[in-house]
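Visitor: Sending over a structure as C-alpha cells; questions will come in a sec.
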Amino acid sequence: MDRADDLIPDLDELAVAAYRRLLEEGCRDDEWLSERADVPLERVDEVYRLLSSLQVVKAHTERDWLAVEPHVAMANLVLPMEAEVRRRAAQAERLRTQLQMLVPVHESVTGTRSQQTFEIIGDEALAELLDLETGRCAQEMLLLQPDTESSLIPWERYAGRCRDALRRGVGLRAVHQHGARFHLPTEGLVDTLSADGARFRTVDELPAQLVLFDRRCALLLVTAEWGAQAEARSEGAGVAVVVRHPAVISVLSGIFATSWDRGTPFTTRDPRPSQVTDQVKRSILFLLASGAKDDVVARRLGLSVRTCRRHISDLMSSLGVSSRFQAGVEAGARGLVPALGRAAEPGRRAAVSSAAE
C-alpha cells in the first residue's frame, strides 16, 4: 500500500515560477518559462499538469489559462480529506468502544489461564500486540531500551501511538543506555514525547529490552544474537516473550525500578552532561581491560562503533598509551577500573573526567 505522502506532489521552484507568470500575464507562456529556467518544453508541460492536479490552474483554451486562488484549491482538495479523517477516527473510536465491551468477558473466562502462560511471538505479531496493549494501557508504560541500533521496536513509527497514550493520561517512563544521547533519532524521539509528559533516563548498561503495560503485561524482546539459530535469522530479527504471570511481572517491574533509580535524567536541553560522558568512558575502560573488541564494547554500551572508537581514541590519548589493550591495562593499574584494580581515588578519577571534556 502506498504511503499517503507518496500521493502528494511536491511543488518545486519551476512550478512556483509558472504559477507566478500566469498570475502576472494572465496566459500560459511555455517558451518564456523554458528559456528562463533553461528546461525543455516537455518539462514545462509537466509543471502545468502538476499545477492542474492541485487545482491551482485551469485551462480554457491552449493558451488561455486561469490561476486559481490557493485557498479555493485547499477547500476543494484538503477539506474533504480532513472530513474523511474525522469520519474514520470516529468510526475507529466507536469500534474500539464496542469491542471493549467484550474485554471483561474474555478476561473473566481466560484471565486465570492466560496469567499462567508465556507466549513467544515474532515481528508481525509484535506490532499488533504493541498496538493492542498501548490502546488498553490505562496507567503507565515502562520501557527499558538497551541498544538504539538493534531495537525490535521501530520507535520512530511507534511514537504516534505513545503520544496518543500520553494524551489520554497514561504515564510513560523509559530508560535508555547512555549511547542514546549520541543518537540523533533517539534525541528527536525524546524531545517529541517529553513535550507530552514522558520522562527519560539513561544508564551505562541494561539487562534486557523490556516493555511493561500497567504492570499486568510485559514484553521481553530478544534480538537474533541469542540461541543456536541466530545465523539463520536475518539481521535485526528476533522474538518477543509475552509475560502475564504476576510473579514474573513483579520481578521485571523491580528490574525496571532499579534501572530507573540509578539513571541520569535525559532531556534534549542537556543531552550529554559531564557525569554521563564520564560513566561511558569508565565503562569503555572496564570493557577494554577485560579484552573486549571495539564492536563488542559498542554493542554493550549502545553506541555506534564510530562513536565508541572516538571515545577510545580520547581515552588512549588521556592515558598516554598506543593500543586499546594498553588502555585497559593502564586503567586497571591506575585503579580507574574498580573491578580490575583497587577502587579509584578521587584524584585518579580525574584522568577519566578530563578525557570527557
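Visitor: Apply 1/(1 + (r/R0)^6) to the Cβ-Cβ distance of L11 and D64, taking R0 = 22 Å, and write down the FRET efficiency to the nearest 0.05.
Guide: After rounding, the FRET efficiency stands at 0.45.
Visitor: Quickly work out the L99-to-E205 label distance, labels modelled 7 Å from Cα along the C-beta direction, and quote it in nm with one decimal.
Guide: About 4.1 nm separates the two model spin labels.
Visitor: Now a separate question. For segment 37-99, what number results from the quotient of the Cα radius of gyration and 2.2 N^0.38 Å?
Guide: Working: Rg = 18.8 Å, N = 63, 2.2 N^0.38 = 10.6 Å.
Expressed relative to 2.2 N^0.38 Å, the Cα Rg reads 1.77.
Visitor: Taking R0 as 35 Å, what FRET efficiency do you get between V222 and S317 from their Cβ-Cβ distance, rounded to the nearest 0.05?
Guide: Efficiency for this residue pair is about 0.40.
Visitor: Let me ask something else about it. In Å, what Kirkwood hydrodynamic radius results for segment 4-68 from the alpha-carbon pair distances?
Guide: So the Kirkwood estimate lands at 11.9 Å.
Visitor: Shifting gears a bit: Subtract the Cα-Cα distance of S108 and V39 from 0.36 nm times their separation in residues, and report this length gain in nm to one decimal. Let's see the in-between values first.
Guide: On the way: separation 69, 0.36 × 69 = 24.84 nm, distance 6.98 nm.
Extending this stretch completely gives an extra 17.9 nm.
Visitor: Sort 93-100, 185-192, 118-125 for me by packing, meaning the mean count of neighbouring Cβ atoms within 10 Å per residue, highest on top. If you can, show how the numbers build up before the last one.
Guide: Numbers: 93-100: 10.0, 185-192: 18.0, 118-125: 12.4.
Per-residue mean Cβ counts within 10 Å order the peptides as 185-192, 118-125, 93-100.
Visitor: Also: In debye, nearest 20, what is the charge dipole magnitude of segment 4-68 about its Cα centre with +1 on Lys and Arg Cβ and -1 on Asp and Glu Cβ, if you could check?
Guide: 300 debye
Visitor: Taking H as built 1.01 Å from N, whose amide H comes closer than 5 Å to the amide H of G171, not counting residues under 5 places away?
Guide: Residues meeting the amide H criterion: E140, M141.
No lab work stands behind these numbers, since they all come straight from the coordinates. Please read all numbers here as calculations on a predicted model, not as lab measurements. Positions of Cβ are generated from backbone atoms using ideal geometry, with glycine treated the same way; all protein chains shown enter the neighbour counts.
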